[in-house]
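The structure under discussion appears below in the form of structure tokens.
The values are calculated or read from the model by the stated rules, or taken from the named source; none is laboratory data. Please read all numbers here as calculations on a predicted model, not as lab measurements. Neighbour counts run over all protein chains shown; Cβ positions are idealised from the backbone, glycine included. Just so you know, the surface numbers come from the protein's heavy atoms only, side chains and all, with ligands and any DNA or RNA stripped out. Shrake-Rupley method; radii C 1.70, N 1.55, O 1.52, S 1.80 Å.
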Amino acid sequence: EVFEFMDYTKCPLSLYQQVEKLKSRGLLIDDEQLAERYLSNISYSDMAALKSEIVPSIEIERCCDYEALTDVWLASVKATHDFLSEEDIEFYHERIPALYMPNVDIFAIKSAAGKWCAFIGLSVDNIEMLFVHPDEMGKGYGSSLLKFAVGVKCIRKVDVNRDNFKAFEFYQKHGFQVIGASDTDREGKPYPILHLELLAASL
């Protein structure tokens with residue numbers, strides 16, 4: 001037999017890095033220490049076989065409970081949109097359930113407690129809103145909703161506040177790129193907007 005050896009140039013990932021990589025790819029891991037223990041005994045690629053133990057299924061449902069979703073929106077905005085004035089938060093707060101939500105298709109996720117905790121609003125060709133309650137952030141809900149929009153609904157565009165750095169990094173991580181910019185938002189408010197598009201299958 002003849003064996004051919006190839007140089008392996010990738011640096012090995014620590015257990016923590018492997019868990020973070022799994023989470024970035026949409027796996028919902030409630031117990032990171034348990035996940036690290038599993039990974040210390042099995043390969044990264046075998047982790048999927050343990051989904052039933054450490055990765056509860058995420059169900060995405062159509063939702064029209066505007067009142068509950070507006071509560072999610074408000075909590076999320078207060079936790080992440082520190083560039084907005086209190087006056088403008090109230091301005092958008094009034095419009096979210098009355099004007100914005102009725103004009104998009106909304107799909108949402110419930111928490112383990114059975115409450116709506118994350119949602120995405122979709123128009124024909126754009127992700128119009130994606131919000132996760134701060135108590136439920138870091139559990140893969142945002143990534144799952146984004147993958148649903150791209151993979152199921154074939155939507156590959158989104159607008160992001162330029163000053164919302166975490167949101168911009170989130171979309172960049174999933175392969176979205178800047179294709180344009182605006183000096184104001186759709187309401188004419190002085191909040192610059194970045195127009196992003198997924199130009200390749202990077203999810």
- Accessible-area order for T70, T184, largest to smallest, probe 1.4 angstrom, reads T184, T70
- Message: For D88, what accessible surface area do you get with a 1.4 Å probe? Give it in Å², rounded to 10.
- Response: 20 Å²
- Item | Residues with amide H under 5 Å from that of D185, placed H, sequence gap 5 or more | Y191
- Tell me, what is the percent relative contact order of the range 108-203, built from C-alpha pairs under 8 Å that lie six or more residues apart? 21 percent
- Query: For the modelled label position 7 Å from the Cα of K166 along Cα-to-Cβ, which residues of the range 83-115 have backbone nitrogen atoms closer than 15 Å?
  - Reply: 83-84
- Please give the FRET efficiency for E90 paired with R62, using the beta carbon to beta carbon distance and R0 = 41 Å, rounded to the nearest 0.05. 0.90
- Item | Nonlocal amide H pairs with H174, under 5 Å, H built at 1.01 Å | none
- Message: Using a 1.4 Å probe on the protein heavy atoms only, what accessible surface does C154 show? Give it in Å² to the nearest 10.
- Response: 100 Å²
- Note on the structure: Judged on accessible area alone, 1.4 Å probe, highest first, W116, W73 line up as W116, W73
